[in-house]
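**Q** Before I ask anything, here is the structure I am working with.
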Amino acid sequence: MTPPLPPLAAAPACARTLADLLVALSAARALPKGQQLHGHLLKGGHLPAVASSHALLAHHLLTFYARCSLPELSLRAFLDLPAAPSPAAWSSLISSFAQNGLPAAAFDAFRRMLAAGVPATDRSIPPAAKAVAAAADSSRPPLAPHALHGLASKTPFAGDVFVGSAVLDMYAKCGNLADARRVFDEMPERNVVSWSALIGGYADAGMHPAALCIFRSALEEAVQVNDFTVSCIVRVCAAATLFELGAQVHARSIKTALDASPFVGSSLVSLYSKCGLVDCAYRVFSAAPERNLGIWNAVLIASAQHGHTSTAFERFTKMQNAGFRPNFITFLCLLTACSHAGLVDEGKRYFSLMKEYRIEPQVEHYAAMVDLLGRVGRITEALDLIESMPMEPPDSVWGALLMACRMFKDADTAAIAAKRLFETGSRSSGAHMLLSSTYAAAGRHVDAALARKAMRDAGIRKETGLSWLEAAGEVHTFVSNCRRHPRSNEIYNVLEKVGKKMAAAGYVADTGAVVKDVDRNEKCASLGYHSERLAIGLGLLIVPEGVPIRVMKNLRVCDDCHNAVKYLSKCTGRVVVLRDNRRFHRFEDGLCSCGDFW
């Protein structure tokens, strides 16, 4: 229970008591009581501050509003300070803006502090660096990171580990990894924040081997990694689908009790989901002692990507009942779930519900809605939605429409979508190939050839289709019709044997997706050894019976391969989990979890 307010007085002892009360309210983020105390101070003449003891009250009030996520009121408290605010007050104001999503205001306050003749300190440089890192690329001055680093190097705090870590993190988040590494190497002292910032920078840049190498170095130097470090590495394992390594990191996090962190928990949910073990993801979520919005979003997208649509909806309701307010990622998860199940009415309802939460739909939400409408053949409606967008449609939106046109052989609308996409300056090879395959599926082989020629003339190369399988601590990667794997002869032999059983069971190759106008035998030959089939062939050889064969693919699985793997699962009795660039497919006994809707 909050203690009663002390009687008004100007004595320093009373000011100290009020300051201690403000600190307690700030730690508890007790906004109503804090505002009551603020009014108490105003009525009693303690604010605007004149005496030094009153300046302390205004400073604590500034921090209180910052912790309550009200930076505008922090500024009001700052203005109640004496005419020459202290360096600590400036630092608190900069931190309030930086921590509450106002990077431009934070950096502007930092510049005004310097203009007022107040020197930068170890308390003002880190939030200023945070503000530079958080600013959008378009609004950040090109040399701002280097300017702040130069300023920091001229202060007495140049060798301070917290200042150095903040500068390192700023460079990493701005994508300047070479500068981040240079700062790291030159630091006289490093802590877990330094290591974590560098690991996170490489992880965010998709440089997974480098991030893993730095993590190993941290462990070798006996750095006591924290939950942020572990969550970064688990995210790397999830992005690269390194299940076995991720499981080892999970085991280590259990031994160090870091698995209790909701940040680690959300990363683990994503890891197991992206590696095809959604039941493990659900168990991690259920066992989490503490949940934040991030872990709820992680389990929602896991449910959506694995086709557990009703589960996603149920968890959304439970999330709301637990007092969590959905954000734009939450609604993207829900729209993805609707898209994967073809639930148009539900998708429209969630899209409208965003406005009730004062969330403006972003391009990702529009892309999901276009994908949803396109999957069920409502291509005209999808095109109308694109035309109504309040922002310029990006590649992802036109790509979703192109995919729908490919599925329903709507070559005319595909040509419109491709034209609009190319007008944006996009050099997407996927768009060219989708247009070509749409023409081919509609029997317009001349137009398909012209689309491929246009791609070659533009100097655009087709993205290579890759599939990979992790087994026994090794990742095996394949491209179509490849014979570079040391066990290629065995792989082709086992696929040929299984192929005969599949044909006897009724499998007939679907050659509609082959863009080249060649005879059926050549078309069948080009389909039979797509990259995912080669990876599955190796899985038949090395993955033990009873263990699912988990294969990842960077492109959408074609219609024929999807049908073929269904027959393969029935003829071999094996379970195959295939993740393409759209969703997960679990093939078992001739059926797929997607219900042939993907």
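**Q** Would you point out which residue out of Ser531, Ser569 is free of Cβ contacts under 8 Å to residues at least 60 places away in the same chain, polar (S, T, N, Q) and touching a strand residue (DSSP E or B) at 6+ places or on another chain (Cβ under 7 Å)?
**A** From the options Ser531, Ser569, the qualifying one is Ser569.
**Q** Check every one of the helices (runs of 4 or more DSSP H) wholly within segment 373-475 and list those with 3 or more residues that are in contact (Cβ under 8 Å) with a residue 40 or more places away in the chain and either touching a Gly at 6+ places or on another chain (Cβ under 7 Å) or surrounded by 17 or more Cβ atoms within 10 Å (Cβ to Cβ) (or both).
**A** Numbers: elements: 379-387, 395-407, 411-423, 429-441, 445-457.
Result: 429-441.
**Q** Pull up segment 248-292, narrow it to residues that are among the acidic types (Asp, Glu) and part of a helix (DSSP H, G or I), then point me to the one that is nearest to Cys594 (Cα to Cα). Step through it out loud before you land on a result.
**A** First, the residues of segment 248-292 that are among the acidic types (Asp, Glu): 259, 279, 290.
Those left that are additionally part of a helix (DSSP H, G or I): 259, 279.
Numbers: Asp259: 32, Asp279: 16 Å.
Applying the filter and picking the extreme gives Asp279.
**Q** Please work out which residue is surrounded by the most Cβ atoms within 10 Å (Cβ to Cβ), limiting yourself to segment 58-79 and to residues that are among the aliphatic types (A, V, I, L, M) and more than 20 Å from Asp20 (Cβ to Cβ).
**A** Once the filter is applied, the top-ranked residue is Leu73.
**Q** Given the criteria farther than 19 Å from Val230 by Cβ and among the aliphatic types (A, V, I, L, M), does Met207 qualify?
**A** So Met207 fails the test.
**Q** What residue, among those in segment 130-152 that are modelled with pLDDT of 95 or more and open to solvent by 70 Å² or more (accessible area, probe 1.4 Å), is nearest to Glu186 (Cα to Cα)?
**A** That would be His146.
**Q** Oh, and also: Report, by residue number, each residue of segment 212-225 that is surrounded by 20 or more Cβ atoms within 10 Å (Cβ to Cβ) and in a loop (DSSP other than H, G, I, E, B).
**A** Val225
**Q** Here's another thing I want to ask about it. Within segment 122-129, does at least one residue satisfy the condition of being buried (at least 20 other Cβ atoms within 10 Å of the Cβ), within 18 Å of Tyr65 (Cα to Cα) and of a type in the set (Val, Ile, Thr)?
**A** no
**Q** Give segment 436-483 a look and list any residue that's of a type in the set (D, E, K, R) and under 29 Å from Lys419 (Cβ atoms), or say none.
**A** Of everything in segment 436-483, those that are of a type in the set (D, E, K, R) and under 29 Å from Lys419 (Cβ atoms) turn out to be Arg444, Asp447, Arg452, Lys453, Arg456, Asp457, Arg461, Lys462, Glu463.
**Q** To continue, here is another question. Mind counting the residues in segment 273-296 that are open to solvent by less than 20 Å² (accessible area, probe 1.4 Å) and either charged (D, E, K, R) or over 16 Å from Lys318 (Cα atoms) (or both)?
**A** 5
**Q** Would you confirm whether or not segment 226-247 contains a residue that is farther than 18 Å from Leu168 by Cα, without any contact (Cβ under 8 Å) to a residue 24 or more places away in the chain, open to solvent by less than 40 Å² (accessible area, probe 1.4 Å) and assigned to a helix (DSSP H, G or I)?
**A** Among the residues of segment 226-247, at least one is farther than 18 Å from Leu168 by Cα, without any contact (Cβ under 8 Å) to a residue 24 or more places away in the chain, open to solvent by less than 40 Å² (accessible area, probe 1.4 Å) and assigned to a helix (DSSP H, G or I), which makes the answer yes.
**Q** If a residue has to be surrounded by fewer than 17 Cβ atoms within 10 Å (Cβ to Cβ), of a type in the set (Lys, Arg) and either assigned to a loop (DSSP other than H, G, I, E, B) or on the phi > 0 side of the Ramachandran plot (or both) to count, how many in segment 165-208 make the cut?
**A** Number of matching residues: 0.
**Q** Which residues, counting only those in segment 551-585, are of a type outside the set (Asp, Glu), within 22 Å of Val479 (Cβ to Cβ) and assigned to a helix (DSSP H, G or I)?
**A** Hits for segment 551-585 are Cys561, His562, Asn563, Ala564, Val565, Leu568.
The values are calculated or read from the model by the stated rules, or taken from the named source; none is laboratory data. In this text, all values refer to a predicted model and were calculated from it rather than measured experimentally. Neighbour counts run over all protein chains shown; Cβ positions are idealised from the backbone, glycine included. Heads up: the accessible areas ignore ligands, DNA and RNA and are worked out on the full protein's heavy atoms, side chains in. Shrake-Rupley method; radii C 1.70, N 1.55, O 1.52, S 1.80 Å.
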